[in-house]
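Notes follow the structure.
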Amino acid sequence: MWVAQHGGDAKLRKIAIAHSNSTLERHFRPDGSSYHVLDYDPATSKLIRKLTWQGAADESAWSRGQSYGVFMGSL
C-alpha cells in the first residue's frame, strides 16, 4: 500500500487490499483466534490447509498471532 501511495504502480494498492481481505476471510476462526500458516497451491492459489506451526495444535490459539491481530486491528 505504501509503495502505491508514494509513486509506485497503482495496481499494488489493489493487490494489498485483496491480500488484506483474503487474510480477514481465511486466517481467522469464528471465535476470533487465528491460524499461523495457510498453505496455498502456488499454481492455482487454492487453499490446501490451515495450520499452526508455533501453537500447541492446528486448532489452538497462538499468543503472538493473536497479539498481532489485535495490534493490526488497532491501526
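Some points to look at:
- Candidate set: the stretch 5-19, residues that are small (Gly, Ala, Ser) and touching a helix residue (DSSP H, G or I) at 6+ places or on another chain (Cβ under 9 Å); chosen: the one nearest to ALA61 (Cα to Cα): ALA16
- Within the stretch 18-39, being more than 24 Å from MET1 (Cα to Cα) and loosely packed, with under 13 Cβ neighbours inside 10 Å holds for ARG29, PRO30, ASP31, GLY32.
- Selection count, the stretch 35-59, where residues are in a loop (DSSP other than H, G, I, E, B) and of a type outside the set (Gly, Ala, Ser): 11
- Residues of the stretch 24-61 that are in contact with a strand residue (DSSP E or B) (Cβ under 8 Å, 6 or more places away or on another chain) and under 17 Å from GLY73 (Cβ atoms): ARG26, HIS27, PHE28, SER34, TYR35, ALA61.
- For the stretch 45-62, a tally of residues being surrounded by 10 or more Cβ atoms within 10 Å (Cβ to Cβ) and modelled with pLDDT under 85 returns 8.
- Failed criterion for PRO42 (all others in (1) closer than 30 Å to SER60 by Cβ; (2) surrounded by 13 or more Cβ atoms within 10 Å (Cβ to Cβ); (3) at pLDDT 90 or above hold): (2)
- Taking the stretch 1-34 as the range and being among the polar types (S, T, N, Q) and outside any loop (DSSP other than H, G, I, E, B) as the test, the residues that pass are GLN5, SER20, ASN21, SER22, THR23, SER34.
The values are calculated or read from the model by the stated rules, or taken from the named source; none is laboratory data. Note that this is a predicted model, so its numbers are computed, not measured. Neighbour counts are summed over all protein chains in view; Cβ atoms, including those assigned to glycine, are modelled from backbone coordinates with ideal geometry.
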